[in-house]
Amino acid sequence: MDRMVRLHADRKQAFATFFMRNRPELELLNRLVGCKSHGSRLDIAILACSKGAEVYSMAWAIRSKRPDIQLKITAVDISKEIVDFASRGVYSVARRGDTFADQDGMPERSAGVQRNTDRDQNAWIFERMFHQEIAAIFEVEGSQAQIRPYLKQGITWMCGDASSSQLKEVLGPQDIVVANRFLCHMQPEEAKACLRNSAQMVKPGGHLFVSGIDLDVRSSVALEMGLRPVTDLIREIHDGDQSLRRGWPVEYWGLEPLDDTQPDWQTRYASVFQVGDPEPAMDVELAEVEHRGK
């Protein structure tokens, strides 16, 4: 059934998202960042950033654990309208049916915040957050929640196409590239090309986050490019986004149950991959000796 659904589905992009969408994924991100030395710089590109929920969730997760890191995030989406909305970092906390969710008589700007927050959503964008997290990440006033200024620092917003071969030159090498939950909306060959393009943006030894994609596409490109699956929290991350798991097998974006009896199961079900080998750090004294020898 799943294969038939994927074969005949009318695939299209959407802006639906959630804050704190996959908690095990954020935990793995922090474990990877935990290996960085004190005060070091971390470059992250988040492709198809949509309304910014994933961007701000990752920024908060990193800054909460490693405030010493010089965090540089480039958030990219093909829609200028949605990039402009995400960059402002203002969302409506109103649920449908709330008294102040009625847009009659709302100022135009407030109505726009409500409209864009709800765009393509079939559930509340904050539904996976705890109240303490909302208080930590947002300044809430009335029906609007604004991202706290310290979380917006170091984030650059850009309108761009994740499948463009020129994006690598524009962004420069990245420690982490996040290509989550949009490749499933592409036809398989188009998704493969975009995934290859995304992997080529990662520094040697860096990491590629890629969930929300046809598993045959992901495993095929991973084997082709020699991407190494990160198995830490592999099961937890696979099951961590409840909306993807609920969609299988009747939605093309649904995620099949993890089956560890398959010979290539780690490559098939990993959502995070290491790209290439880290470049060896040359010993400083050895480098000086070599320099003097020349």
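Of the numbered criteria (1) within 21 Å of the chain's Cα centre (by Cα); (2) exposed (fewer than 15 other Cβ atoms within 10 Å of the Cβ); (3) modelled with pLDDT under 95, the one Pro263 fails is (1). In the stretch 152-197, of all residues being assigned to a helix (DSSP H, G or I) and basic (Lys, Arg), the one that is surrounded by the most Cβ atoms within 10 Å (Cβ to Cβ) corresponds to Lys192. Within the stretch 16-41, track down each residue that is within 21 Å of Cys184 (Cβ to Cβ), assigned to a loop (DSSP other than H, G, I, E, B) and in contact with a strand residue (DSSP E or B) (Cβ under 9 Å, 6 or more places away or on another chain). The one that is within 21 Å of Cys184 (Cβ to Cβ), assigned to a loop (DSSP other than H, G, I, E, B) and in contact with a strand residue (DSSP E or B) (Cβ under 9 Å, 6 or more places away or on another chain): Phe19. When the stretch 134-151 is limited to residues that are over 20 Å from the mean Cα position of the chain (by Cα) and assigned to a strand (DSSP E or B), the one that is surrounded by the fewest Cβ atoms within 10 Å (Cβ to Cβ) turns out to be Glu141. Whenever a residue of the stretch 212-231 is more than 13 Å from Val275 (Cβ to Cβ), its partners that are among the aliphatic types (A, V, I, L, M) and assigned to a helix (DSSP H, G or I), lying with C-beta atoms within less than 6 angstrom and at least six residues away or across chains, give the pairs Ile213/Leu183; Val217/Ala191.
The values are calculated or read from the model by the stated rules, or taken from the named source; none is laboratory data. Quick caveat, the model's predicted, so the values are computed rather than measured. Every residue, glycine as well, gets a Cβ built from its backbone with ideal geometry; the counts of neighbours run over all protein chains shown.
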